[in-house]
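The structure appears right after this line, and notes come after that.
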Amino acid sequence: MSVISDPGRDGRLTWSKYAEHEARKELSAIAIKKCDAHLAAFSRCVREQNLLVVFNCREENRRMNECLHRFTNEAAFEEYKLRRGRELAAAPPAAP
């Protein structure tokens, strides 16, 4: 069973550090899947350019970072946290 909120006074309104860390990891995995084409293009450029990667793969790197940022910025994380919190609240409690 995963803990999604702190047991403190405002526990039902805040997430524990562990739950937030796990949610960020989940969101990063989702972003990597959604940006797979950009990651593959950058990876291909890196293999082809070797030492000149810093100069010759800037465009691929920029596109990859823009794509990843679109899914992992603070606003996207807050939206994901709300959606994930609703999903966990709607799920039936796990049997001990």
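Is there a residue being touching an Asp or Glu at 6+ places or on another chain (Cβ under 9 Å), open to solvent by 60 Å² or more (accessible area, probe 1.4 Å) and of a type outside the set (Phe, Trp, Tyr) anywhere in region 62-80?
No, every residue in region 62-80 fails to be touching an Asp or Glu at 6+ places or on another chain (Cβ under 9 Å), open to solvent by 60 Å² or more (accessible area, probe 1.4 Å) and of a type outside the set (Phe, Trp, Tyr).
Which condition breaks for PRO93 when tested against (1) outside any helix (DSSP H, G or I); (2) open to solvent by less than 90 Å² (accessible area, probe 1.4 Å)?
Status for PRO93: all satisfied but (2).
The values are calculated or read from the model by the stated rules, or taken from the named source; none is laboratory data. Keep in mind it's a predicted model, so treat the numbers as computed, not measured. As a convention, Cβ positions derive from the backbone with ideal geometry for all residues, glycine included, and neighbour counts pool all protein chains shown. Note: accessible area is taken over every heavy atom of the protein model, side chains too, but ligands, DNA and RNA are not part of it. Shrake-Rupley method; radii C 1.70, N 1.55, O 1.52, S 1.80 Å.
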